[in-house]
1. From the list 228, 213, pick out the single residue that is over 23 Å from residue 53 (Cβ atoms), in the same structural domain as residue 134 (by TED's automatic domain parsing) and hydrophobic (A, V, I, L, M, F, W, C).
2. Looking only at the range 582-605, filter to residues that are without any contact (Cβ under 8 Å) to a residue 60 or more places away in the chain and under 17 Å from residue 497 (Cα atoms); which one of those is surrounded by the fewest Cβ atoms within 10 Å (Cβ to Cβ)?
3. Among the residues of the range 554-572 satisfying the criterion of being β-branched (Val, Ile, Thr) and in a helix (DSSP H, G or I), which is modelled with the highest pLDDT?
4. Please give the number of the condition residue 282 fails out of (1) touching a Pro at 6+ places or on another chain (Cβ under 7 Å); (2) free of Cβ contacts under 8 Å to residues at least 12 places away in the same chain.
5. What are the residues in the range 424-465 that are in a strand (DSSP E or B) and in contact with an Asp or Glu (Cβ under 8 Å, 6 or more places away or on another chain), if any?
6. Among 436, 401, 441, which is the only one that is surrounded by fewer than 18 Cβ atoms within 10 Å (Cβ to Cβ) and at pLDDT 85 or above?
7. Out of everything in the range 524-553 that is outside any strand (DSSP E or B) and in contact (Cβ under 8 Å) with a residue 40 or more places away in the chain, what residue ends up being surrounded by the most Cβ atoms within 10 Å (Cβ to Cβ)?
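The values are calculated or read from the model by the stated rules, or taken from the named source; none is laboratory data. Keep in mind the model is a prediction, meaning the values are calculated, not measured. Cβ atoms come from the backbone with ideal geometry, glycine included; neighbour counts cover every protein chain shown.
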Amino acid sequence: MPPTKRRFSLHLVLLLGTALLLAIAEVASVYPSLITPVERFDLAARDAATRLRGVRPPNENIVIVAIDDFSFNWTGYRWPWPRAYLAEIVDWLNDAGAQVIGLDVFLFEADQDPGGDPALARALDNAPSAATVIQKYTDQQGVISLRLPLPIYREVLDGMGITPVLLDDDAIARSILAYDTYLDQTYYNWAFELARLYTNGGPPSAPTPSSLVLGSTTVPLQNRRFLVNFAGPSETYPTYSAARVVLGDYPPEAFRDKIVLIGATSVTLQDIYPTPFSSRIRTPGVEIVANAVDTMLRGAYLRVTPPGVNILFIIAAALLSSLIVRSPRPGLTITLMTAAMLLYGVLYYAAFVQRAIFLPFTGPEAMLFLGVVLPTLEQAISQEIEKRRVRNLFTRFISPEMVDQLLAIQDINALNKRADLTILFADIRNFTTLSEKLTPEEVVTLLNSYLEAMTAVIHKHGGTVDKYEGDAIVAFFGEPVPHPDHALRAARAAVEMRQALDGLKERWAAEGRLPKHFDIGIGLNSGEVFVGLLGSEQRINYTVIGDNANLAARLQDLTKVYACPIIVSESTCERIRDEFETAFIDAVIVKGRTEAVKVYKVLGCKAGK
């Protein structure tokens, strides 16, 4: 029980630690100057949800007159265009019945043509409603100033506003600056002015970092940012070339009673931005303003849940993950975790599509994933440590393969079976007589060195040491890891055991403690036996029993009679004859058998084997 309690406590520490780190990241997102990985992933999730929703039909009352490459090529004008030509465009739109004209062109300096500014001012004055842009400017010396249209324009315009399109840390435009201040005066984005003029509503007011009031509506903001609910990628809104407007190539109905935005779409003017729909196909700033105005007219304001709500979602995810990790089956745990993450993804998407709300994504999803994976990983590490402890303990008695199977098997009773194996029985000849000439310490040292060397050889060839019976070794090949060539493995082990014995004898001779006439005999037999765990609760052994196991012991006894180091049965001989040279010895009746048993001696490996 104590290990279980420690593991549970560590699980709890991992869950609480993960939840705390994610909560800190959510709080840090409040500060605009701090960009956390959680915030970056949340932005990517919002973009993915926007693309998954797909293109939404744009407001049919918003169109764009594009200062595009065709217009530059057709007119031959450089930028900035003559104000008289802009006046022609505005006059044509007035005649077509445009309701609001938004001119996304700086009118801070006088036109080179003395008649240009009066002509454009008259055209704007004739429009039902007209608005243009202003700019808060910081020069190279750090001096801040406010650039306003020339007085001739300020007298006729119905609205003016700031223009900044804001890029997030990943250089994607998702918002516009809702308002700014200069000399204690608040200036709003001209998108609000355009929406106000079209609806004949009141001017924006009561600005705070989280909201402002437009008419009778409270508009949500995020750190003074107005989140644009994009209808689609570039060219989602009807776009008409400025030069072709002057040429009369479009029907007046395309502009009647609509908001007409005049602005640059040419790449050369660099007023283009990546948006949630695409970072490669960029959207002109004038079309981003169109999307912003559309968002206001629809009332489809995007909202982002505050950090406090996000933390509650993280806590809920932590509680859910703590329930999931209680599952005893790893497969079910992973399935439940995956299902929970997918369900939350569906909830996230539904909240965006149905309510225009961005729930926290990265925090809860990361909490669900890490809240399950980290405790599961900790449990796996604990189990691996326990397995290593068991392996280190049992590899002193049985083969490493046997230990691995014991650790991996779900039903230990599956180890009990009848199987076709090869049994090896090795014994030191005349060990009783030999041991009488040695001290007990010398016997132990000698026997331990011998058993260690022989066991290493048996394990090398995939065998399992059944038991040590004094100076005798009983081993078998073919279980617990099945090897179809178990007879060959046993024969190879027997030959190598003889070679290892020669190495031991050389070492003992060098140490001056080589016993006289030290030799071993090995018997091999292949056949069906019972193999399994036998014993009591106090002591258990993985062993083989059966007549074929007994025959291996009898064959080892015959090595003394026939003065052969390795004797095998006929069943084993048949299986190893392709690799080993063998010779028939005799057909003998052994204890426990009524029929004669053919026995063979192993001469060695065949040439080339």
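1. Working: 228 fails: over 23 Å from residue 53 (Cβ atoms).
Result of the check over 228, 213: 213.
2. Within the range 582-605, the first condition is being without any contact (Cβ under 8 Å) to a residue 60 or more places away in the chain, and the residues that meet it are 582-601, 603.
Going one step further and asking which of them are under 17 Å from residue 497 (Cα atoms), we end up with 601, 603.
On the way: 601: 20, 603: 12.
Among those that are without any contact (Cβ under 8 Å) to a residue 60 or more places away in the chain and under 17 Å from residue 497 (Cα atoms), it is 603.
3. As a first pass, look at the range 554-572 and keep what is β-branched (Val, Ile, Thr): 559, 561, 566-568, 572.
From the residues that got through so far, the ones that are in a helix (DSSP H, G or I) too are 559, 561, 572.
On the way: 559: 92, 561: 91, 572: 95.
Applying the filter and picking the extreme gives 572.
4. Only one criterion in (1) touching a Pro at 6+ places or on another chain (Cβ under 7 Å); (2) free of Cβ contacts under 8 Å to residues at least 12 places away in the same chain is unmet by residue 282, namely (2).
5. Within the range 424-465, the subset in a strand (DSSP E or B) is 424-428, 463-465.
Passing the criteria: 427, 428, 464.
6. On the way: 436 fails: at pLDDT 85 or above; 401 fails: at pLDDT 85 or above.
Checking each option against the conditions leaves just 441.
7. Going residue by residue through the range 524-553, those that are outside any strand (DSSP E or B) are 536-539, 546-553.
Now drop any that are not in contact (Cβ under 8 Å) with a residue 40 or more places away in the chain, which leaves 547-553.
On the way: 547: 12, 548: 21, 549: 21, 550: 18, 551: 27, 552: 30, 553: 19.
Step by step, filter the range 524-553, then rank; the result is 552.
Conditions tested, residue by residue: (1) under 20 Å from residue 233 (Cβ atoms); (2) surrounded by fewer than 23 Cβ atoms within 10 Å (Cβ to Cβ); (3) not basic (Lys, Arg).
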site: 51; (1), (2), (3): yes, yes, no
site: 54; (1), (2), (3): yes, yes, yes
site: 71; (1), (2), (3): no, no, yes
site: 81; (1), (2), (3): no, yes, yes
site: 86; (1), (2), (3): no, no, yes
site: 97; (1), (2), (3): no, yes, yes
site: 114; (1), (2), (3): no, yes, yes
site: 124; (1), (2), (3): no, no, yes
